[in-house]
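Remarks on the structure that follows.
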Amino acid sequence: MKLNNFVAGETEARISRIQEEFTKGFALLKKYPQSVSFFGSSLFKEDNEYYQKAQRLAGRFAKLGYTVITGAGAGIMEAANRGAFEAGGSSVGLNIKLLEKQLPNKYLTDSLDFHYFFSRKTVLSFAAEAYLFFPGGFGTLDEFFEILELLHTKKISPVPLIMVGSEYWNELNNFIREEVFKKHQAIEKQDMTIYQIVDDEEAIIKLVTEH
């Protein structure tokens, strides 16, 4: 009986914490109605071409009045927050608490910490008017397919889903087209129009601002 009470109490505490994370997360997003979310590797340093590109694009979006939202960490996240911060714009981070501690980067004007990956990912998935994906690892790919499926099933409003870096994303795109679509017919042709691979910075700005 005592064990059951302990389990029930622990479950209630978790549910309360999850509810609190969602409540705080969506309250934060409400403050920034026009935003662009950046995703990509946390391992890239400032001499990396994609770091520099993310920094430039974020700065340009900030000057156009967009809030830049990231996962608050290093690499591409830091680059985007840095670009927005140095341009005098709103730079928001949604940080995840890990056993190997992920410290928020120093270029945030507003932030929120999450304990649960799924609540953080949900908030990130509903965070923006456009999603920019730079080369990255497992986390980036997980977030990309999460948002791709939300757009595919119309669980979120149609917005630009842009993959930045053709040399990185072309192989995945070929796999989707040749294996998933042509060979196995697991998706329909129009499903491949949900995302776009774009390298040109002017084209990216235009895709977002004209949406």
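The values are calculated or read from the model by the stated rules, or taken from the named source; none is laboratory data. Computed from a prediction, not measured in an experiment: that's the story for all the values here. Note: ideal-geometry Cβ built from the backbone for every residue, glycine included; neighbour counts use all protein chains shown. These area figures cover heavy atoms from the full protein model, side chains too; ligands, DNA and RNA do not enter into them. Shrake-Rupley method; radii C 1.70, N 1.55, O 1.52, S 1.80 Å.
Based on what the data block shows, is residue 148 open to solvent by less than 60 Å² (accessible area, probe 1.4 Å), among the hydrophobic types (A, V, I, L, M, F, W, C) and at pLDDT 95 or above? Judged against the criteria, residue 148 is a match. Selection within segment 165-211: residues that are of a type in the set (A, V, I, L, M) and outside any helix (DSSP H, G or I). The member of this set that is nearest to residue 152 (Cα to Cα) is 194.
Quick check, is residue 187 within 20 Å of residue 207 (Cα to Cα) and not charged (D, E, K, R)? No.
Residues are listed down the side, and each one gets a yes or a no for (1) free of Cβ contacts under 8 Å to residues at least 60 places away in the same chain; (2) open to solvent by 10 Å² or more (accessible area, probe 1.4 Å); (3) of a type in the set (Ser, Thr, Tyr):
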site	(1), (2), (3)
26	no, yes, no
32	no, yes, yes
45	yes, yes, no
51	yes, no, yes
56	no, yes, no
63	yes, yes, no
66	no, yes, yes
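Annotation for segment 33-52: no member residue is farther than 18 Å from residue 169 by Cα, in a helix (DSSP H, G or I) and hydroxyl-bearing (Ser, Thr, Tyr). Here's a check for you: in segment 79-106, which residue that is within 13 Å of the chain's Cα centre (by Cα) and modelled with pLDDT of 95 or more is nearest to residue 120 (Cα to Cα)? It comes out as 94.
The sole residue among 141, 172, 132 that is open to solvent by 30 Å² or more (accessible area, probe 1.4 Å), among the aliphatic types (A, V, I, L, M) and under 30 Å from residue 21 (Cα atoms) is 141.
Within segment 118-129, can you find the residues that are assigned to a helix (DSSP H, G or I) and open to solvent by 10 Å² or more (accessible area, probe 1.4 Å)? Across segment 118-129, the qualifying residues are 118, 120, 121, 122. Restricting the first member to segment 162-182 and to residues that are more than 16 Å from residue 194 (Cα to Cα), and the second to residues that are modelled with pLDDT of 95 or more and open to solvent by 70 Å² or more (accessible area, probe 1.4 Å), the beta-carbon pairs closer than 9 Å and six or more apart or on different chains are 165/49; 179/186. Of all the residues that make up segment 68-85, how many are farther than 11 Å from residue 134 by Cβ and either open to solvent by 10 Å² or more (accessible area, probe 1.4 Å) or assigned to a helix (DSSP H, G or I) (or both)? Of the residues in segment 68-85, 7 are farther than 11 Å from residue 134 by Cβ and either open to solvent by 10 Å² or more (accessible area, probe 1.4 Å) or assigned to a helix (DSSP H, G or I) (or both). Condition (residue is of a type in the set (D, E, K, R), open to solvent by 10 Å² or more (accessible area, probe 1.4 Å), in a helix (DSSP H, G or I) and in contact with an Asp or Glu (Cβ under 9 Å, 6 or more places away or on another chain)) applied to segment 99-117: is it met by at least one residue? No, because not a single residue in segment 99-117 is of a type in the set (D, E, K, R), open to solvent by 10 Å² or more (accessible area, probe 1.4 Å), in a helix (DSSP H, G or I) and in contact with an Asp or Glu (Cβ under 9 Å, 6 or more places away or on another chain).
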